[in-house]
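The block underneath contains the structure these notes are about, expressed in structure tokens.
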Amino acid sequence: KPAASLSRPACVRLAAVIQAVLAEAIAAGGTTLRDFSNSDGLPGYFAQELAVYGRTGAPCRACATPIRERRMGQRSTFWCPVCQG
């Protein structure tokens, strides 16, 4: 959704959820996608919790619609066309 279309209560909820997810990711040691390691040389394990990243064609965990991917420049974006339309 365009940011300007969000209500103030929706923004407050979104900020709270972002903070909760960041706290979970930090507790899991970060997100190792390829070669990241923390200061102890260990990988992060939050990647196991990612719902769509790197799952192109796999079923969405919420609705079973295949996950889509689009490359934009040097980055990939992953989403469920039903849940994240």
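The values are calculated or read from the model by the stated rules, or taken from the named source; none is laboratory data. Owing to the predicted nature of the structure, the values given are computational and were not obtained by experimental measurement. Because the Cβ atoms are built from the backbone with ideal geometry, glycine has one as well, and the counts that use them run over all protein chains shown. The protein model used for the area step is the full one, side chains on, heavy atoms only, and it has no ligands, DNA or RNA in it. Shrake-Rupley method; radii C 1.70, N 1.55, O 1.52, S 1.80 Å.
Out of the residues in the stretch 1-15 that are over 15 Å from the mean Cα position of the chain (by Cα) and surrounded by 10 or more Cβ atoms within 10 Å (Cβ to Cβ), which is farthest from Cys83 (Cα to Cα)? Before you say what the answer is, go through the steps one by one.
From the stretch 1-15, those over 15 Å from the mean Cα position of the chain (by Cα) are 1-13; that's our starting set.
With the extra rule that they be surrounded by 10 or more Cβ atoms within 10 Å (Cβ to Cβ), the set shrinks to 6, 10-13.
Values: Leu6: 17, Ala10: 17, Cys11: 18, Val12: 20, Arg13: 17 Å.
My answer is Val12.
Out of everything in the stretch 20-71 that is modelled with pLDDT under 85 and in a strand (DSSP E or B), what residue ends up being least open to solvent (accessible area, probe 1.4 Å)?
Thr31
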